[in-house]
Amino acid sequence: MRKFIKGFSIHSFLIFISFISLFPFIWLISTALKGSNENIFAYPPIFIPQDFTFENFIGVWHQIPFLLYFLNSFIVAAFTVILNLILSSLAAYPLARMEFKGKNFIFCLVLATIMIPFQAIMLPVYLIVLKLHLVDSYGYVTGYLGLILPFAVNAFGIFLMRQAFLSVPKELEEAAFIDGCSIINIWRKILLPVCAPSLAVLAIFTFIGSWGEFLWPSIVLTNKTLFTLPVGVNDLQGIFSANWRYIAAGSIISIIPIIIFFVAMQKYFVSGNTEGAVKG
Amino acid sequence: MNNYYKKYIPYIFLLPALVMLVIFFFIPFIYTIILSFKDYSGDIYNPVFAGLSNYSVILKSKEFYTTIFNTFMFLLMCVPVLAIFPLIVAIFINQKIKGINIYKVLIYLPVVVSIVVVAIAFKWLYAQQGILNYILEQIGFNPIGWLTDTKFALFAVALVTIYKGIGYYMMIYLSALIGVPKDLYEAADIDGANEFIKHLTVTVPHLMPTIALVVTVSSISALKVFAEIYVMTKGGPLNSTKTIVYYIYERAFENLDLSMAASASVILLVVIMAFSFVNIIFFENKRYKF
């Protein structure tokens with residue numbers, strides 16, 4: 001009996017928390033499904049739409065180029081992930097395994113960048129990006145590069161990969177070296193495959209971070225055809241000012257891809273070994 | 001084994017990452033400091049050296065004081081809740097019961113959704129005739145202007161940050177909970193301790209380093225708050241939600257006042273570097289040691 005009460009109270013608490021966690025989205029969906037004959041400010045609020053319709057979703061889809069925003073977000077996130085995987089795992093190899101002059105210095109240099117918040121240096125980063133012509137006024141490619149390159153590598157990724165390399169037994173590399181394997185092949189054919197789980201964690205968290213990034217794109221983007229999803233969604237507020245049905249429908253459309261991604265990759269998120277991997 | 005690579009090999013591996021870090025971290029870092037010593041108020045293309053005068057201007061500015069005050073109030077609203085509440089949720093999740101993964105996924109969901117969408121969703125909850133005011137009325141309070149009343153706006157923004165952070169810090173606590181020795185709970189059971197006492201005397205002391213980590217990490221992220229404010233209030237009403245990063249953004253990209261933006265950036269840098277330094281030295285030293 002005591003066990004039953006304990007189980008019951010645990011479930012009740014967790015159902016309550018889960019409900020709070022979903023509530024803002026449920027309310028958005030409810031609003032988005034309400035037709036023009038229904039008062040969305042009704043007191044008391046009504047959860048189940050009385051004038052049920054998909055019109056708002058169809059309407060906002062026709063007015064806002066969501067596919068373009070998805071594509072832009074995807075291009076930026078995909079290249080940011082690829083660059084992070086390559087640059088972090090390259091830099092992590094000597095930091096984990098080799099002895100060389102200036103190692104301590106470089107180690108501290110990389111560590112120091114953890115302490116520098118992007119928000120405090122964004123103005124000069126913007127001036128540098130302008131100077132390098134990496135903005136959308138020079139074309140699509142430069143526009144994308146301006147969104148991607150400032151986040152091409154960070155110290156968290158380098159340290160994550162370094163930890164992973166440190167856990168690989170040295171004998172593996174030694175055997176490969178004796179067999180005549182070159183250093184780049186030891187990295188590519190031995191270390192990287194063994195550390196695939198860490199690469200996956202780095203990829204997933206970099207993807208989520210890049211996909212949700214708002215501050216930087218809202219600073220550099222001037223051309224609407226390069227808008228990423230967060231910038232496009234924020235723009236809904238200006239376009240539809242008080243039309244909360246459309247704003248709600250557009251917001252819900254915008255989160256569908258990341259929800260699918262999250263549910264598909266959930267084991268990486270909830271396994272518990274991703275502690276502090278990336279936090280914006 | 002030591003000389004199986006040529007001497008220059010390590011540098012080749014490091015070069016691409018270092019080039020990017022230099023261009024997008026170190027040069028901007030030094031550039032920020034240089035900008036803060038220049039006066040752009042005359043001719044924006046020909047700034048003059050200004051010594052410390054930008055700092056004396058900003059430190060005398062009433063708006064900047066409001067900004068700093070708001071930033072620390074915001075931190076004080078978010079950090080204690082984010083240090084304690086996710087721990088409670090994690091303790092509940094850490095029990096052996098069915099359906100645990102579903103709870104984890106649902107509670108973690110707000111972490112992966114873009115902050116812009118979360119902020120819009122809350123803006124809708126906060127509407128004058130919105131659902132939160134309805135709930136307030138039902139429990140006997142007057143409706144409030146969540147985002148329009150200077151008394152509540154900062155708190156309303158903080159709630160969004162808290163909401164978005166719970167799942168994230170819960171995961172950090174969950175991975176730390178695995179390390180608490182089980183026999184300590186059994187010993188407490190024999191002593192007849194109830195669940196609450198058990199966690200207070202066993203879990204909390206064991207998790208002290210993790211709690212401290214969450215305090216520093218959530219402090220740093222509270223100091224950097226931006227998107228919530230940009231989407232919901234733009235710093236208003238009457239500067240009541242203007243925090244330091246929003247101030248920097250406004251100065252740099254809306255008023256083109258580079259001097260004030262850079263001086264505020266340097267002040268933010270110093271504060272965050274202090275927090276990060278404590279974090280690296282005391283709480284994350286395992287990950288970053290040689």
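The values are calculated or read from the model by the stated rules, or taken from the named source; none is laboratory data. A quick note: this is a predicted structure, and the numbers were derived from the prediction, not measured. FYI the Cβ positions are ideal-geometry reconstructions off the backbone, even for glycines, and counts take in every protein chain you see.
Does the range A:152-172 include one or more residues that are over 21 Å from A:L85 (Cβ atoms), over 22 Å from the mean Cα position of the chain (by Cα), surrounded by fewer than 21 Cβ atoms within 10 Å (Cβ to Cβ) and within 8 Å of chain B (Cβ to nearest Cβ)? Looking through the range A:152-172, at least one residue is over 21 Å from A:L85 (Cβ atoms), over 22 Å from the mean Cα position of the chain (by Cα), surrounded by fewer than 21 Cβ atoms within 10 Å (Cβ to Cβ) and within 8 Å of chain B (Cβ to nearest Cβ).
Each residue in the range A:84-106 was checked for being within 8 Å of chain B (Cβ to nearest Cβ) and within 23 Å of A:G209 (Cβ to Cβ), and 6 of them qualify.
Answer yes or no: is there a residue in the range B:34-51 that is among the hydrophobic types (A, V, I, L, M, F, W, C), within 12 Å of another protein chain (Cβ to nearest Cβ) and in contact with a Ser or Thr (Cβ under 9 Å, 6 or more places away or on another chain).
At the first step, the residues of the range B:34-51 found to be among the hydrophobic types (A, V, I, L, M, F, W, C) are B:34-35, B:37, B:44, B:48-50.
From the residues that got through so far, the ones that are within 12 Å of another protein chain (Cβ to nearest Cβ) too are B:34-35, B:44.
Pick out the ones that are also in contact with a Ser or Thr (Cβ under 9 Å, 6 or more places away or on another chain) and you get B:35.
Looking for residues that are among the hydrophobic types (A, V, I, L, M, F, W, C), within 12 Å of another protein chain (Cβ to nearest Cβ) and in contact with a Ser or Thr (Cβ under 9 Å, 6 or more places away or on another chain), one finds at least one in the range B:34-51, hence yes.
When the helices (runs of 4 or more DSSP H) confined to the range A:104-216 are screened for residues that are touching a Lys or Arg at 6+ places or on another chain (Cβ under 8 Å), those reaching at least 1 such residues are found at A:118-131, A:155-166, A:170-178. A count restricted to the range A:128-145 and to residues that are under 17 Å from B:Y31 (Cβ atoms), more than 7 Å from chain B (Cβ to nearest Cβ) and either surrounded by 17 or more Cβ atoms within 10 Å (Cβ to Cβ) or in contact with a Phe, Trp or Tyr (Cβ under 8 Å, 6 or more places away or on another chain) (or both) stands at 2. Just to check your reading of the model, which residue among B:V89, B:V79, B:V48 is among the hydrophobic types (A, V, I, L, M, F, W, C) and under 19 Å from the mean Cα position of the chain (by Cα)? Only one candidate qualifies: B:V79.
I'm trying to understand the selection: among the residues of the range B:43-59, which are over 26 Å from B:F155 (Cα atoms), without any contact (Cβ under 8 Å) to a residue 12 or more places away in the chain and part of a helix (DSSP H, G or I)?
B:S56
Just to verify a result, which residue in the range B:92-106, among those that are β-branched (V, I, T) and within 25 Å of the chain's Cα centre (by Cα), is farthest from B:V215 (Cα to Cα)? Top of the filtered list is B:V105.
Please work out if A:Q119 is surrounded by fewer than 21 Cβ atoms within 10 Å (Cβ to Cβ) and among the polar types (S, T, N, Q). Give the steps one after another, and end with the answer.
On the way: surrounded by fewer than 21 Cβ atoms within 10 Å (Cβ to Cβ): no; among the polar types (S, T, N, Q): yes.
Considered against the rule, which asks whether it is surrounded by fewer than 21 Cβ atoms within 10 Å (Cβ to Cβ) and among the polar types (S, T, N, Q), A:Q119 comes out as no.
May I ask you to say which residue of A:F8, A:F19 is at pLDDT 95 or above and surrounded by fewer than 19 Cβ atoms within 10 Å (Cβ to Cβ)?
Every option except A:F19 fails the conditions.
B:I131 satisfies every condition listed in (1) more than 30 Å from B:A274 (Cα to Cα); (2) under 20 Å from the mean Cα position of the chain (by Cα); (3) aliphatic (A, V, I, L, M) except (2).
Taking each residue of the range B:80-106 that is in contact (Cβ under 8 Å) with a residue 40 or more places away in the chain and within 9 Å of chain A (Cβ to nearest Cβ) and looking for partners that are assigned to a helix (DSSP H, G or I) and exposed (fewer than 14 other Cβ atoms within 10 Å of the Cβ) with beta-carbon atoms closer than 6 Å, six or more apart or interchain, yields nothing.
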